[in-house]
Structures are given as structure tokens and as C-alpha cells.
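Any read-out appearing in this document is the output of simple, stated calculations on the displayed coordinates, not a laboratory observation. All values reported here derive from a predicted model rather than from experimental measurement. Quick reminder, even Gly has a Cβ in these numbers, built from the backbone with ideal geometry, and neighbours come from all protein chains shown.
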Amino acid sequence: MAERGAPPTAGMVGAEKERLAESFLTDQGLRPVARNHRCRYGEIDLIMREAAVLVFVEVRFRRSTRFGSPADTVDARKQRRLIAAARHYLQGHPTSLACRFDVLAISGENQIQWIKHAFTLDSN
């Protein structure tokens, strides 16, 4: 925990933005399934359900968009890692639900851009 008056750590900010993202998606009608699924391939920030779809959500934050959107940081390498982590999750949690990958980009003072179907299993 940060000392009183000390700036928040990157981990604290990340956790705060993930909570904000989950709250936003819940308000949009999605239901939480899992948080921070970690495996040797990487981490999936949020796993949500929207009707008959399992949604793997990558939450990205940048204080400023001066050098691009937070969504721009989900490059091909990051997508491959997310896909591998999702496959790992599905091995332990088989489902007949359709799956998709969304990116929730948060910038500045919590401006949210929700990119549904940001990429697919066969993107890379």
C-alpha cells in the first residue's frame, strides 16, 4: 500500500481502472465471470458474459492520448498472448458459448472507448 500522500503505484492504478472497466461493462449488461486470469502465456484482465457470448476483455489505460490511444498498445504480439491465455482458460473451463475479444481503452479522466470484437482467434 502506498504511504499517505505518496503517488499511487502502476499496480494500484491498473487495479482501479480494471474495477472501473468491470463496472462500466456491468452497466452495459455484461456479467462478470472471472478477473485477472493468469497463466504462463499472460493475463486476461476480465472475462465477462454477454448473453451467449464469453467476452475476454483487455483493459488499457493511458493518462494522455498524445502518443496514441490506449487501444493502440494492443499490438499483434499482445493479441497472440491474449489468445493463448484465452485458450488456456477455455481448457480449464470448457464452454459452448461463442467467444470474442474486446478492448476497453481508458484515457485521461476516465474517458472510455469500448472496442467490441477488437480481434479474433484467427487475427494472428
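Taking amide H positions as modeled 1.01 Å from N, with prolines and chain starts lacking one, the residues under 5 Å from Phe119 and 5 or more places away or on another chain are Phe101. Structural descriptor for the chain: relative contact order 22 percent, calculated from alpha carbon pairs under 8 angstrom and at least 6 residues apart. If you take the charge dipole of the chain about its Cα centre, with +1 on Lys and Arg Cβ and -1 on Asp and Glu Cβ, which of Leu82, Ser64, Ser107 is farthest toward its positive end? Value computed over the given set: Leu82. Once you list every other residue whose beta carbon is under 12 Å from the beta carbon of Arg31, what net charge do they have if Lys and Arg are +1 and Asp and Glu are -1? Once all neighbours under 12 Å are counted, the net charge is -2. Taken along the Cα-to-beta-carbon direction at a fixed 7 Å, the label points for Arg80 and Ser96 span 3.4 nm.
Note on Ala52 and Glu16: the extension gain reaches 10.2 nm, defined as 0.36 nm multiplied by sequence separation minus the Cα-Cα distance. Couplings for the stretch 95-105, taken from phi via the Karplus curve 6.51 cos²θ - 1.76 cosθ + 1.60 with θ = phi - 60°, read 8, 9, 5, 5, 10, 8, 10, 10, 10, 10, 9 Hz in order; Gly and Pro are left as x.
Evaluated with a Cβ-only charge set (Lys, Arg +1; Asp, Glu -1), the chain carries a dipole of roughly 300 debye about its Cα centre, given to the nearest 20.
How big, in percent, is the set of alpha carbon pairs in the stretch 25-84 lying more than 18 Å apart? When all Cα pairs of the stretch 25-84 are counted, 44 percent exceed 18 Å. Given the alternatives (1) 19, 17, 15; (2) 28, 13, 12; (3) 24, 16, 15, semi-axes √(5λ) of the Cα gyration tensor in Å as computed for this entry is given by (3). Full extension of the chain between Arg66 and Asn110 gives 14.3 nm of extra length, using 0.36 nm per residue less the Cα-Cα distance. In this structure, the amide hydrogen of His37, modeled 1.01 Å from its nitrogen in the peptide plane, lies closer than 5 angstrom to those of Ile44, counting only residues at least 5 positions away or on a different chain. Going 7 Å from the Cα of Arg35 in the Cα-to-Cβ direction, what parts of the stretch 42-86 have a backbone nitrogen less than 12 Å from that spot? Under 12 Å, as judged by backbone N against the label point of Arg35, lie 45-47 of the stretch 42-86. Only helical runs count toward this figure. For the chain, summing -39,500 (n - 2.57) over DSSP H runs of n ≥ 4 and dividing by all residues gives -9500 deg cm²/dmol at 222 nm.
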